[in-house]
Amino acid sequence: MIRKQKKNSKYKNMRAERLAQARRDETKVPSGRRYVLDGHTHTLGCGHAYCTVMELAAEAADAGLEMFCLTEHGPEMPGSITDMFFHNMLSIPPELFGVKIIKGMEANILDADGSIDASPAILPSLEILSASLHTPCFPPDTVERNTSALLGAIEKANVDFLCHLGNPQYPFDVEAVLQAAKRHDTMIEINNGSFYIRQGSRDRCVDIARRCRDLEIPVILGTDTHWAEDIGRFPWADRALTEADFPDELIINLDTKRLTDRLEAKGRKLGVVKKDRAVGLFDF
Ligand SMILES: [Zn+2]
Ligand SMILES: [Zn+2]
């Protein structure tokens with residue numbers, strides 16, 4: 001009996017070691033680039049992800065990240081949170097387990113004008129704002145209307161970056177959108193999740209990265225993680241950048257200052273500590 005238990009625990013340990021090795025292998029990227037930030041993550045707040053902010057931060061620390069962006073889905077995504085979530089994000093500390101947290105929103109583009117679901121009232125609460133085309137909020141449309149929606153998000157909503165443009169469900173005029181991104185200093189995301197979630201994204205992501213390289217548009221990598229253990233791991237996005245011969249200088253994720261400088265230049269207030277508001281209220 002005891003021998004059997006010992007045998008079982010030996011196999012358990014071997015399995016745990018195999019899993020741990022698999023995780024380490026996944027963290028490695030062929031290029032050897034050291035990514036220190038993840039631009040795109042989700043929590044169970046959105047209704048279809050499964051971890052908390054604490055869990056994201058703990059895994060981010062394990063993955064060696066210095067920063068991640070909490071970019072919860074805007075309120076028009078079915079099952080997602082309301083404006084109150086974004087109003088109250090100061091309750092989340094600016095840093096957990098030594099990892100800085102940029103608190104923002106992945107807004108939904110709602111129409112061909114590029115309207116988004118970040119209401120003017122909550123914009124001042126956001127440290128970063130990205131925007132995406134998602135089927136429940138903007139059903140795939142013609143090239144003209146998809147393009148118009150993306151241009152509107154850049155030109156009117158002034159988003160910091162556009163997400164998962166490689167999605168083949170939304171064909172658009174790449175040249176027009178990237179030229180607008182260049183003019184408005186909008187970053188373009190290469191989304192690691194697209195390579196297995198939005199199948200057919202591979203070649204489009206590489207093509208978009210190549211054109212960003214030629215136009216000198218910075219890219220930001222996002223895992224779009226809906227499960228904490230994936231945070232900061234970019235095995236596929238890394239390969240896409242290598243295939244596109246993308247220069248390190250234009251990859252935001254290699255230096256957190258590349259992101260914070262851009263956000264602060266736009267007037268976004270970063271790292272505000274809610275409890276600091278009470279400092280100085282008493283003389284003793
Ligand atoms: Zn998305
Ligand atoms: Zn997302």
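Which condition breaks for P171 when tested against (1) within 16 Å of ligand 1 (Cβ to nearest atom); (2) in a loop (DSSP other than H, G, I, E, B)?
(1)
One line per residue, one yes/no per condition, for (1) of a type outside the set (G, A, S); (2) under 21 Å from C69 (Cα atoms):
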residue: I122; (1), (2): yes, yes
residue: E127; (1), (2): yes, yes
residue: S130; (1), (2): no, yes
residue: A157; (1), (2): no, yes
residue: A176; (1), (2): no, no
residue: K182; (1), (2): yes, no
residue: V206; (1), (2): yes, no
residue: R213; (1), (2): yes, no
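Name the single residue, out of those in the range 38-58 being over 14 Å from F68 (Cβ atoms) and either part of a loop (DSSP other than H, G, I, E, B) or in contact with a helix residue (DSSP H, G or I) (Cβ under 7 Å, 6 or more places away or on another chain) (or both), that is nearest to ligand 2 (Cβ to nearest atom).
H48
If the requirement is being away from ligand 1 (no atom under 13 Å from the Cβ) and out of contact with any Asp or Glu (no Cβ under 6 Å at 6 or more places or on another chain), which of these qualifies: F138, F85?
F85
Restricting attention to the range 168-205, and to residues there that are of a type in the set (G, A, S) and at pLDDT 95 or above, which single residue is farthest from K156 (Cα to Cα)?
My answer is A176.
Is there any pair with a first residue in the range 73-93 that is free of Cβ contacts under 8 Å to residues at least 24 places away in the same chain and a second that is within 16 Å of ligand 2 (Cβ to nearest atom) and not charged (D, E, K, R) whose Cβ atoms are under 7 Å apart and which are 6 or more apart or on different chains, and what are they?
From residues that are free of Cβ contacts under 8 Å to residues at least 24 places away in the same chain, the pairs are T82/P75.
Does at least one position in the range 119-130 carry a residue that is within 16 Å of ligand 1 (Cβ to nearest atom), out of contact with any helix residue (DSSP H, G or I) (no Cβ under 8 Å at 6 or more places or on another chain), in contact (Cβ under 8 Å) with a residue 24 or more places away in the chain and not in a strand (DSSP E or B)?
no
Do we have S148 as of a type in the set (S, T, N, Q) and in a strand (DSSP E or B) here?
For S148, the condition - of a type in the set (S, T, N, Q) and in a strand (DSSP E or B) - is not met.
Might you check whether a residue that is within 15 Å of ligand 1 (Cβ to nearest atom), touching a residue at least 24 places away in the same chain (Cβ under 8 Å) and under 18 Å from G200 (Cα atoms) occurs anywhere in the range 153-161?
no
In this structure, is F195 within 15 Å of ligand 2 (Cβ to nearest atom) and in a loop (DSSP other than H, G, I, E, B)?
No, not satisfied.
Mind checking whether some residue in the range 68-78 is assigned to a loop (DSSP other than H, G, I, E, B), under 20 Å from E127 (Cα atoms), more than 16 Å from ligand 2 (Cβ to nearest atom) and of a type outside the set (A, V, I, L, M, F, W, C)?
no
Failed condition for E106, given (1) crowded, with 23+ Cβ neighbours inside 10 Å; (2) more than 13 Å from ligand 2 (Cβ to nearest atom); (3) acidic (D, E), with all others met?
Single failed check for E106: (2).
Take the conditions touching a Ser or Thr at 6+ places or on another chain (Cβ under 8 Å) and modelled with pLDDT of 95 or more and apply them to D113. Does it pass?
So D113 passes the test.
Please go through (1) under 14 Å from the mean Cα position of the chain (by Cα); (2) over 24 Å from A237 (Cβ atoms) for T82 and return the number of the only condition it doesn't satisfy.
For T82, the exception is condition (1).
The values are calculated or read from the model by the stated rules, or taken from the named source; none is laboratory data. Keep in mind that this is a model prediction, so the values were computed, not measured. So basically every Cβ, Gly included, is an ideal-geometry build from the backbone, and we count neighbours across all protein chains shown.
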